[in-house]
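First the structure, in the form of structure tokens, and then the observations on it.
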Amino acid sequence: MIRMAAPPHRIVRAWLESLTSGIIELDRDWTSRAVPRFTLGWQCPAPGALRPAPGLPAGRAYGYYLNDQGAISFVLPLEHGCEINPERDKVYLAGDFNGWQEAVGAREWQLQPATLEGERVLRWTGDAARFLAIPGQRFKFVTGEHQWLRPPDDAPNVVRDPAGNANRLLDPARTGWHLWRFTVGQPLNLAESWMVAWADRAGEKVPVVPGDFYYELRTDLPLGAIVRKGETVFRLFAPRARTVTLFICRDLAVIASARHFALERREGVDGASGVWECALDQDLHGWFYWYAIDGLGFDGGVNGFDPARRVLDPYALATVARDGPGIVVNRGRLDAPDRTFKTPAWQDLVIVEAHVRDLAAQAPVRATPEERRGFTGLRKWVESAEFYLHHLGANAVELQPLHEFDNVTAEEYHWGYMTNNFFAPESSYALAPEAMSGLKELQELVAAFHRRGMAVIVDVVFNHVGVPEHLMAIDRKYYFEQDAAGALTNGSGCGNDLRARSAMARRLIIDSCRHYIETFGVDGFRFDLAELIGIDVLREIETALKQVKPDVILIAEPWSFRGHIAGALRNTGWASWNDGYRDFLRGYVHGHGDGERLAYFLRGSPWYFAKWPAQTVNYTESHDDRTWLDVITENPNFDGLVPTPNDRRRTHLMAAVLFMSVGIPMLAAGQDFLRTKRGVTNTYQRGDLNALDYRRLYRFLSTHSYFADWIAFRRGALGRLVRHWARPGEGFFRFFTMPGSPVLAALYNADRSQGPARLLFAINPTLADAMIPIGAEVAEAHPGRWEQLADHDRFLFPGGHGASLPVEPELFVPPLGCGLWVSRE
């Protein structure tokens, strides 16, 4: 029998751990006693500078390694953006070898704290045979609360199951002994391209890319165009650039003949600070500028550097358009925002999500077409005596993105979720963007909302960028998530994901939010696809922003196309959009679901989703997908243009549940007057469908009034029994349900821990009469003292006319009906 010789080892990839050391990965474990020989060109590590690296490098890359005693260790590093707190969280090893879910809570599979090569890790160590004897076994780490920890995007052993879940693969041929650590005598230059190859035979050349240390490079110097004492300093962070050139001009008409100046690199530790700077002896307030950046980098030229491309400064405070140029702004010349407004406490918020143009386009105010496209038209509407949101009674508006986004023309309608710059207000919302009028116009808009008693929350999109991708032209590797092959990840669904874990990306986000607080006076932020930002970064953002504004409102959209983090956000100061609430209510009003599930949402989705009451943002419609009415309508094709009587009744039931639920209630603009988008799912560029038709408010005035009355109740004295700052005791709520039925009655302040007043709420989403057994103890505790406040059609006011539902031991609730009662003693 002839035994075939094994093929030669191949170099798969290589990365730097520092400027003087790195890791070379082979296609399989190295079993020879001889040390392999590699070269980096003129840098050729001596054999003594090479050693196997089966420990921490393998643990970071693969999640496991085999030690020199033959035992296998599974490793979860706790640095570089890990979201686990070992003092609080228990983590388990799960996989094909132990039944996955069955490992949770089993002490034999729990990872233990350890130190590996000076770094904190969680580790599980045991006999390797059971794991390596069967090729192709998968594994993953999971917390004691069943939170599955997603493998890093660039992990080389990630595999997906049929459901799309990412797991790690155990490979008996790659156990950590296929990794070799090298050191070199002189620091490598980040701006150069380095390739590793075999020193003693022909073969492939593989680029050496930056490792985790690279993403911690940072500077604390002010960035952007900084005007001070008669000079303007231009400063840019571009760690792999070879050259950075500044172009400036005073007049857009002569932009082709702009003056140019070379920026110089400021040297830091080992020359790696990455900051480029140029100082000009003039206050250049109002001048236009951009950069040209050239470089080679570690990836063989596939890095986005193009010296012919105009790059918008990521710290530009104003811009003419999505392509730039940026505009120099002397902060000293900006007006200070209004500081007198008091942001409402979170539990007191009633939010309406809205788009600048949707609110202003058809508003009944005198405004030019240009004004209706942006900040000025909306300000005029806010200041009008007829302003819709004021009459609705909301005390917070959540405006869809205001940062510069990638609409091509000023006239083009766009939701704004494709950001080009995180500081400049959207240029098409300004009357004169070339004169940076948007800065003052946005200040005036926020101040107008504040005079109306409304907080301003801004929807921000830091998880990906739009076209052109200026950050990619500055440093694709540093600012964007990539897989093991160097391809951009796409958890956003928009073609790229910002590497928010990088030190300067974190700073960019924090600096942007601080700017909007300090310059425009906004009250808070809603983070789009916050799962892509990551728990650790969100915690850092929270800490930084609360130092600037202690009562800042922070709301996360806690998912992306790769996962969901609402449960993991419980131990933070972030609230989350509650998609489970949204989906449940859409079905519940059609009689689906059960009363016990409704009780969970009325209590504020406690514990797993929300650790504290205002941590859940309860909603049933947002800008995404179809409107509430189009989803629940009885009409064909999801078309709610002419709602049926039952559509309206179901909408009233939804409003009653929404405003009786603990948490922060949020409406979409126009939801209270049965807004429809005619069944269209994605309307991100459909200004014709999205613009609010205010005539519809008067067509369905009773529904609008029903919502307004609920909001008035919610914000009033009795509403305090729903507006909880802290979780009440277990006796606060008492629920009455029937097996297999969605009908429910709920008693608030049942234990009178919040004073003598109690509320009774009952709902029947079926098409048949319901009799809910609440018992004589509740119904007759105060004979004649239960006063009805509302039903499914109206709020009842003292001195009003008409019958009301009596409270009896068998509480009658009509089909698609509800009721609210109060006992004041």
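The values are calculated or read from the model by the stated rules, or taken from the named source; none is laboratory data. It should be emphasised that the depicted structure is a prediction, and the values quoted were computed from it without experimental measurement. Positions of Cβ are generated from backbone atoms using ideal geometry, with glycine treated the same way; all protein chains shown enter the neighbour counts. The area values use the complete protein model at the heavy-atom level, side chains included, leaving out ligands, DNA and RNA. Shrake-Rupley method; radii C 1.70, N 1.55, O 1.52, S 1.80 Å.
For region 528-576, the set of residues classified as in contact (Cβ under 8 Å) with a residue 60 or more places away in the chain and closer than 17 Å to P665 by Cα consists of I553, I555, A575, listed by residue number.
The residue of region 740-799 that is least open to solvent (accessible area, probe 1.4 Å), among those that are of a type outside the set (A, V, I, L, M, F, W, C) and free of Cβ contacts under 8 Å to residues at least 12 places away in the same chain, is G755. Restricted to region 220-233, and to residues there that are assigned to a strand (DSSP E or B) and in contact (Cβ under 8 Å) with a residue 60 or more places away in the chain, the residue that is nearest to the chain's Cα centre (by Cα) is G224. Entry remark, region 707-734: residues being of a type in the set (V, I, T) and either surrounded by fewer than 18 Cβ atoms within 10 Å (Cβ to Cβ) or over 28 Å from P773 (Cα atoms) (or both) number 1 in total. Within region 575-594, the only residue that satisfies the criterion of being surrounded by 24 or more Cβ atoms within 10 Å (Cβ to Cβ), farther than 17 Å from W628 by Cβ and not aliphatic (A, V, I, L, M) is S576. Among the residues of region 159-183, the one identified as without any contact (Cβ under 8 Å) to a residue 24 or more places away in the chain and either at positive phi or buried (at least 18 other Cβ atoms within 10 Å of the Cβ) (or both) is G164.
Output the residue which, of all residues in region 198-241 that are acidic (D, E) and more than 30 Å from F38 (Cα to Cα), is most open to solvent (accessible area, probe 1.4 Å). Ranking the candidates gives D220 first. Evaluate region 502-515: report whether one residue or more is in a helix (DSSP H, G or I), modelled with pLDDT of 95 or more, over 30 Å from P307 (Cβ atoms) and under 12 Å from the mean Cα position of the chain (by Cα). Within region 502-515, none of the residues are in a helix (DSSP H, G or I), modelled with pLDDT of 95 or more, over 30 Å from P307 (Cβ atoms) and under 12 Å from the mean Cα position of the chain (by Cα). For region 681-717, enumerate the residues that are hydroxyl-bearing (S, T, Y), out of contact with any helix residue (DSSP H, G or I) (no Cβ under 7 Å at 6 or more places or on another chain) and part of a helix (DSSP H, G or I). Correct list: Y698, S702, S705.
Can you work out which of the residues in region 87-109 that are among the basic types (K, R) and part of a loop (DSSP other than H, G, I, E, B) is surrounded by the most Cβ atoms within 10 Å (Cβ to Cβ)? The qualifying residue surrounded by the most Cβ atoms within 10 Å (Cβ to Cβ) is K90.
The single condition from (1) assigned to a loop (DSSP other than H, G, I, E, B); (2) over 32 Å from the mean Cα position of the chain (by Cα); (3) in contact (Cβ under 8 Å) with a residue 24 or more places away in the chain that I84 fails is (2). Only residues that are modelled with pLDDT under 95 and assigned to a loop (DSSP other than H, G, I, E, B) were counted in region 31-72, giving 19. Among the numbered conditions (1) buried (at least 21 other Cβ atoms within 10 Å of the Cβ); (2) modelled with pLDDT under 95; (3) under 20 Å from Y315 (Cβ atoms), the only one that W290 does not meet is (2).
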